[in-house]
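Notes for the one structure printed next.
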Amino acid sequence: MPPNPRFDLTGQSVIITGGGKGIGKVYAREFARAGARVVAADIDGDAARDVAAEIVSEGGTCLGVTTDVSDAASVEAMVAATLGAFGRIDVLINNASLMSTLPRRSFLEIPEEEWDRVMSVNLKGLFLCCRSVVPHMRDQGRGKIVNISSSRVWEGVPNRLHYTTSKAGVIGFTRAMAHEVGAMGITVNAVTPGYTLSESQVTSSTGNYLAAQAEGRAMGRPQHPEDLVGTVMFLSCPASDYMTGQTINVDGGKAMH
Ligand SMILES: NC(=O)c1ccc[n+]([C@@H]2O[C@H](COP(=O)([O-])OP(=O)(O)OC[C@H]3O[C@@H](n4cnc5c(N)ncnc54)[C@H](O)[C@@H]3O)[C@@H](O)[C@H]2O)c1
């Protein structure tokens, strides 16, 4: 029996922003393992190229591209590189964000420039990536966009107020954009991960903070990047073609919204 096309990502051209490190790197590997042709687009170009080299060495297809999602020219160049390599764009995973490098502190202590930079990467970055990619998806007659938000929005987690605010913006962006592009055959959905043990979180959090993160979760264990892959892939597959403007929470059953 041939593979079920509703869940088939073979040959799909998938851009993963922030694909050089952390959870994005895991998405890149897992999409490649599912047969997709992946672009890992990261401001850390060396990391993106390392991920690509690793995937290619294992027989997968991946291009690593230096990209600053907050810079329109950089995003345009990344989209041009994707089209040059793979000829089309089927899926855009907007995963890049400023988070782990941000100090946890009262909002009274957040410098104005840091607030602006977070909005520039976490929100303008989404806008610029979608603005560059959607015309190609429109011409193809279909496309899938997955925006990574955070379960902080449901819990109101304090001490990175700019970050939490930007991730709430991702949900509004997702809903409104779904209306703008639905008739083009493009779906736009969001995922809210709970606190996840990505490389950067492990190195930027204290032992006590890490230990507290399994508390209150129905699953009773910490969250790993791999726990997010199934949901992100479902939203990237034809199986979710009649679902748009939605936000799926993946946090092991902590916030039940
Ligand atoms: N780890 C968690 O606990 C958690 C929880 C909820 C949501 N998230 C979200 O999941 C996503 C991945 O999280 P992570 O833990 O891997 O984060 P991370 O900080 O480890 O990785 C972010 C990636 O984005 C890249 N990046 C940063 N600025 C960029 C820019 N201007 N242009 C392009 N790339 C840029 C970084 O180089 C890095 O590779 C983020 O959107 C994050 O906000 C993470």
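The values are calculated or read from the model by the stated rules, or taken from the named source; none is laboratory data. What you see is a predicted model, and the numbers here were worked out from it, not measured in a lab. Please note: Cβ atoms are built from the backbone with ideal geometry, for glycine as well, and neighbour counts cover all protein chains shown. Accessible surface areas use protein heavy atoms only, side chains included; no ligands, DNA or RNA. Shrake-Rupley method; radii C 1.70, N 1.55, O 1.52, S 1.80 Å.
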Restricting the stretch 81-104 to residues that are out of contact with any Lys or Arg (no Cβ under 8 Å at 6 or more places or on another chain) and away from the ligand (no atom under 16 Å from the Cβ), the residue that is nearest to residue 164 (Cα to Cα): 89
Among the residues listed as 63, 92, the single one being out of contact with any Asp or Glu (no Cβ under 9 Å at 6 or more places or on another chain) and either assigned to a loop (DSSP other than H, G, I, E, B) or without any contact (Cβ under 8 Å) to a residue 40 or more places away in the chain (or both): 63
Qualifying residue in the stretch 49-60 (condition: among the acidic types (Asp, Glu), near the ligand (Cβ under 10 Å from one of its atoms) and without any contact (Cβ under 8 Å) to a residue 60 or more places away in the chain): no
Checking residue 188 against (1) open to solvent by less than 60 Å² (accessible area, probe 1.4 Å); (2) away from the ligand (no atom under 15 Å from the Cβ); (3) part of a helix (DSSP H, G or I), the condition it does not meet: (3)
Residues satisfying the stated conditions in the stretch 213-226, i.e. closer than 18 Å to residue 19 by Cβ and either more than 11 Å from the ligand (Cβ to nearest atom) or open to solvent by 30 Å² or more (accessible area, probe 1.4 Å) (or both): 224, 226
All positions within the stretch 239-248 that are open to solvent by 30 Å² or more (accessible area, probe 1.4 Å) and of a type outside the set (A, V, I, L, M): 241, 242, 244, 246
Any hit, the stretch 100-111, residues being within 21 Å of residue 68 (Cα to Cα) and charged (D, E, K, R): no
Residue 236 being surrounded by 19 or more Cβ atoms within 10 Å (Cβ to Cβ), more than 30 Å from residue 10 (Cα to Cα) and not aromatic (Phe, Trp, Tyr): no
Every residue from the stretch 175-185 that is in contact (Cβ under 8 Å) with a residue 60 or more places away in the chain and either within 10 Å of the ligand (Cβ to nearest atom) or over 17 Å from residue 126 (Cα atoms) (or both): 182
